[in-house]
1. Determine, yes or no, whether Tyr180 is in the same structural domain as Pro306 (by TED's automatic domain parsing) and under 16 Å from the mean Cα position of the chain (by Cα).
2. If we keep just the residues of region 74-130 that are of a type in the set (Lys, Arg) and in a helix (DSSP H, G or I), which is modelled with the highest pLDDT?
3. Give Asp187, Asp172 a once-over and let me know the one that is in contact with a helix residue (DSSP H, G or I) (Cβ under 7 Å, 6 or more places away or on another chain) and either within 21 Å of Glu274 (Cβ to Cβ) or modelled with pLDDT of 95 or more (or both).
4. Quick check: is even one residue across region 311-327 over 23 Å from Phe143 (Cβ atoms) and either aliphatic (A, V, I, L, M) or outside the structural domain of Ile173 (by TED's automatic domain parsing) (or both)?
5. Can you name every one of the helices (runs of 4 or more DSSP H) wholly within region 241-332 that holds 2 or more residues which are touching a strand residue (DSSP E or B) at 6+ places or on another chain (Cβ under 8 Å)?
6. Would you point out which residue out of Lys266, Lys237, Lys247 is assigned by TED's automatic domain parsing to the domain that holds Ser308, in contact with a helix residue (DSSP H, G or I) (Cβ under 8 Å, 6 or more places away or on another chain) and among the charged types (D, E, K, R)?
7. So in region 257-299, with the set limited to residues that are modelled with pLDDT of 90 or more, of a type in the set (D, E, K, R) and closer than 23 Å to Leu118 by Cβ, which one is farthest from the chain's Cα centre (by Cα)?
Amino acid sequence: MSMMQKILSMRGIVCRYHQISEKMVSIDCLFSRIIALLLPKYKGDIAFVNRVAVRIMNHLLNFQFFSHFDKNRIINESEYERCMKIVQMLTIHDLPLEYIEGNVSFLNIILKIAPSILIPRPETEYWCHQLCVFLKMLKEDKFHFIDIGSGSGCLGISIAKAFSKSTGIMRDISYKAVYYSKKNSKDNGVANRVRVEHGAFFGKKMQKNKGVYDLIVANPPYIDKKFYPFLDPSVKKWESKNALFSKDCGMAHLKKIFLDSVFFLKNGGIMVIECDVAHHDFLHRLAVRLLGKKYFFSVRDQYQVPRSFWIFSTERQRILFLNCVEEGKIIL
C-alpha cells in the first residue's frame, strides 16, 4: 500500500472505483482524488486539506452540503473538469479558495468578493464581534459611524446589520472595493442606511464632518513592506498591495487615521483600528500625546496576538469594555 493510500485509509476515505471513464467517478472517489492532489500543496496537513476538499465539493455541487450527498453518485464529465480546474487554480496558480467561491461569511452576513478585494480575516471578524457585543452592552443602537478603507464592506455592513438604527459611511480608495461595498450593502439590506464613497480616508470633502462620528472603525494597510517576501504566495499574487502595505514601517496609514480622528470623532465617541503587533507601543504613545484623558487599550485576538487598538471617551465605556472582554485579552 502506498503512503497516499495509507493516509486516505487513516482518514476513513474509501474510493469505490467504477468500470467507467476516468472523468466519471463517484463523489466519494473524486473527494479522495482532490485530497491526494492537495496534500503536497499543503504539506500533508490532512485536517486542513479535508476542509478545503469539502468546500470544493460544496462549491461544485452548487453550495449544498457535501455530507448530505450520496457518496456513490456518479460525477459527470463536466463536473469532473470543473473540479480539476479548481484544484489547478489552487495548486498551480495559488488562487485563494475564497475568490473561487466568490463569497465569504463574516459574522451575520455573506459578502461577495473577487481577486484584489482584501479577503476578510478571522482576526478582523473576532474584534468586530467584540465591538458589537460591547455596543449592545452600552445599549447603543442609534449612532453614526465611518468605516475607513472598507474593502468588501465587512465591518460597516456587519455593524449596520447588527444595529438597525445606525447610519454610516464606508470609504475606500479602490473603485473596485467601492463597487463591492455597494453591492454587499444592497445584498445585505443596509444600503438605505450606509453610504459608500470613493476617496482617501478623511479627504478634503469631509472637512465639514467635524465631530459627527460616534464610531470610527478601520482596518487600514499596516504591513511593513520588508515582510513581503515572507507572505503566502496567494496573498502576494492575488490581494491588492494597496490594501496590505503601508510606508513608514507599516505605520503611515495608522498615523493619518489617528491625527484625523481627533478632528472627526465626536465627544463621547469610540474608535477601533486594526494593526500589527509591532505598532501597539507606538499607538499608545501617540494616543497619550493626541488624546490626553481618553482611555485606550490594545486587545489580543483569538490567537493571543495584539491585533486591535481601542479608544474610549468615558469612564463608563472603559468599565463596560473591561467587563465584556475575556480575561487576559486586554493590554493596558
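1. Working: in the same structural domain as Pro306 (by TED's automatic domain parsing): yes; under 16 Å from the mean Cα position of the chain (by Cα): yes.
Answer is yes for this residue.
2. Our first condition is that a residue be of a type in the set (Lys, Arg); within region 74-130, this holds for 82, 85, 112, 121.
Then keep just the ones that are in a helix (DSSP H, G or I); that gives 82, 85.
Working: Arg82: 92, Lys85: 95.
Only one residue fits best here, namely Lys85.
3. On the way: Asp187 fails: in contact with a helix residue (DSSP H, G or I) (Cβ under 7 Å, 6 or more places away or on another chain).
Criteria check complete, one pass: Asp172.
4. Narrowing region 311-327 to residues over 23 Å from Phe143 (Cβ atoms): 326-327.
Restricting the remaining residues to those that are either aliphatic (A, V, I, L, M) or outside the structural domain of Ile173 (by TED's automatic domain parsing) (or both) gives none.
Scanning region 311-327 turns up no residue that is over 23 Å from Phe143 (Cβ atoms) and either aliphatic (A, V, I, L, M) or outside the structural domain of Ile173 (by TED's automatic domain parsing) (or both).
5. Values: elements: 247-250, 252-264, 280-291, 315-324.
Output list reads 252-264, 280-291, 315-324.
6. Working: Lys266 fails: in contact with a helix residue (DSSP H, G or I) (Cβ under 8 Å, 6 or more places away or on another chain); Lys237 fails: in contact with a helix residue (DSSP H, G or I) (Cβ under 8 Å, 6 or more places away or on another chain).
It is Lys247.
7. Asp276
Per-residue answers, yes or no, for (1) crowded, with 17+ Cβ neighbours inside 10 Å; (2) farther than 21 Å from Arg121 by Cβ; (3) without any contact (Cβ under 8 Å) to a residue 12 or more places away in the chain; (4) among the aliphatic types (A, V, I, L, M):
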{"residue": "Ile216", "(1), (2), (3), (4)": "yes, no, no, yes"}
{"residue": "Pro220", "(1), (2), (3), (4)": "yes, no, no, no"}
{"residue": "Tyr228", "(1), (2), (3), (4)": "no, no, no, no"}
{"residue": "Lys237", "(1), (2), (3), (4)": "no, no, no, no"}
{"residue": "Leu254", "(1), (2), (3), (4)": "yes, no, no, yes"}
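The values are calculated or read from the model by the stated rules, or taken from the named source; none is laboratory data. Here the structure is a predicted model, which is why all the values come from computation and not from measurement. Positions of Cβ are generated from backbone atoms using ideal geometry, with glycine treated the same way; all protein chains shown enter the neighbour counts.
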